Structures are given as structure tokens and as C-alpha cells.
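The values are calculated or read from the model by the stated rules, or taken from the named source; none is laboratory data. All figures in this text were calculated on a predicted structure; none of them were measured in a lab. Glycine gets a Cβ as well: all are built from the backbone with ideal geometry, and neighbour counts include every protein chain shown.
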Amino acid sequence: MEGEMLGSAAIDAWQAFWQGRRVRRPLVGALVASYYPLKAFTEDRAGELVLPGDLTAEAVLEDFRLAAWGRRAAGAALWVASAPLGIPWLEAVIGCPIRATCGTAWPERPSYDWQEYDLASVPWDNGWLAKLKELTGALVQAVGGHWPVGPGHLRGPTEAAAAMLGYEQMAYSLYDSPEELRRLL
């Protein structure tokens with residue numbers, strides 16, 4: 001593909017960018033083909049809760065192998081192997097129940113009162129953080145340095161707050177409970 005940066009050329013360009021050096025062209029790219037391994041996992045589970053034990057390293061690695069070898073990155077895009085992208089990992093770790101839908105999963109509001117929420121009270125032992133570490137470690141071993149490995153989509157504090165409160169309640173909280181929302185974020 002014309003204009004495509006391959007392997008080390010793309011890495012060199014990104015390193016130059018992050019070091020504040022000039023790059024020859026904009027660092028824009030696209031991933032050709034999809035890496036969404038949850039599609040097969042969730043098709044027959046729509047509406048069901050997803051638990052950490054439902055995701056096995058063996059199944060994730062098999063999906064990875066099937067998707068990875070036919071995948072290409074065009075332009076300056078770099079493909080990063082990660083735990084399933086369809087899992088809202090941050091929301092799961094902070095205690096939001098995760099429900100499957102066709103091709104992905106979404107967080108539901110947790111059972112605790114968000115106004116009483118404190119980062120120190122996060123149920124870290126709910127299994128999701130351990131599962132993310134397990135799957136990431138399995139991918140590191142499987143790729144053997146051929147691809148970079150990352151954490152997947154972790155999202156940020158506003159998405160986590162919206163998952164905990166619901167989007168409507170989060171919007172109202174900007175006005176009705178700004179201090180509690182600030183503490184939550």
C-alpha cells in the first residue's frame with residue numbers, strides 16, 4: 001500500500017513524535033480488519049452477565065491467533081495485542097456488573113451508593129483486575145515480541161462515572177451534587 005509505514009519505520013516515527021522531534025508526515029493510520037474476539041463469545045450470551053471466569057486465556061489466545069495473522073496496519077498505525085477490547089475493563093474493576101450483547105459487553109450500574117464511593121473501597125478482589133493481568137500476561141508470552149501488548153480500552157474517569165451513575169444521573173450531578181461528583185472523578 002502506497003504511503004504505508006511498515007514495522008520499524010512506524011515505530012521510529014512514533015518515537016520521534018513523542019520525543020518532540022519533527023516527523024515527515026502526519027502520524028495517521030488505520031487498522032485493516034477487525035480484532036473484536038468477543039463477537040463469537042457474546043453471540044449466544046446476549047443479555048447474560050459476564051464474569052471473569054468466563055474468559056479463559058486459551059479462548060482469548062485462540063481468537064487472537066485467528067484475528068492477528070490476517071490483520072494489517074496501514075499508514076502509521078501500530079497494532080497492539082490486548083485483552084478483549086469489548087470488555088469495559090475499568091468499569092468491571094471498579095465493581096460494575098458486565099453484561100454481554102452481540103459482539104461486545106457493557107457495564108451496568110453497581111449496587112453501591114456512588115455518593116459514598118471512595119477509591120479505597122473499590123472491590124479490588126472482584127476478579128476482573130486479576131483476569132486482565134492473566135490475559136495480558138498470556139498475550140505477552142504468545143506474541144513473543146512480534147507485537148506490542150497493551151491493556152486494551154481502559155477508558156477514563158468520566159466513562160467510569162457514567163457507568164456508575166448512568167449518563168442522565170451524571171449530567172444532573174454536575175448541578176445537583178458537584179462536590180460528590182468531583183470526589184468520584
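Selection within the stretch 128-168: residues that are in contact with a Leu (Cβ under 7 Å, 6 or more places away or on another chain) and among the small types (G, A, S). The member of this set that is modelled with the highest pLDDT is A138.
Okay, residues lined up against (1) over 27 Å from W124 (Cα atoms); (2) among the charged types (D, E, K, R); (3) at pLDDT 75 or above:
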residue: Q15; (1), (2), (3): yes, no, yes
residue: R24; (1), (2), (3): yes, yes, yes
residue: A40; (1), (2), (3): yes, no, no
residue: D44; (1), (2), (3): yes, yes, no
residue: L49; (1), (2), (3): no, no, yes
residue: D54; (1), (2), (3): no, yes, yes
residue: E58; (1), (2), (3): no, yes, yes
residue: R71; (1), (2), (3): yes, yes, no
residue: S82; (1), (2), (3): no, no, yes
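Output the residues belonging to the stretch 121-173 that are part of a loop (DSSP other than H, G, I, E, B) and on the phi < 0 side of the Ramachandran plot. Working first, answer last.
Pass one, the stretch 121-173, residues part of a loop (DSSP other than H, G, I, E, B): 122-123, 127, 144-148, 151-156, 166.
Within the stretch 121-173, V122, P123, H146, W147, P148, P151, H153, L154, G156 qualify.
Can you find a residue in the stretch 89-101 that is closer than 19 Å to R155 by Cα, part of a helix (DSSP H, G or I) and at pLDDT below 80? No, that holds for no residue.
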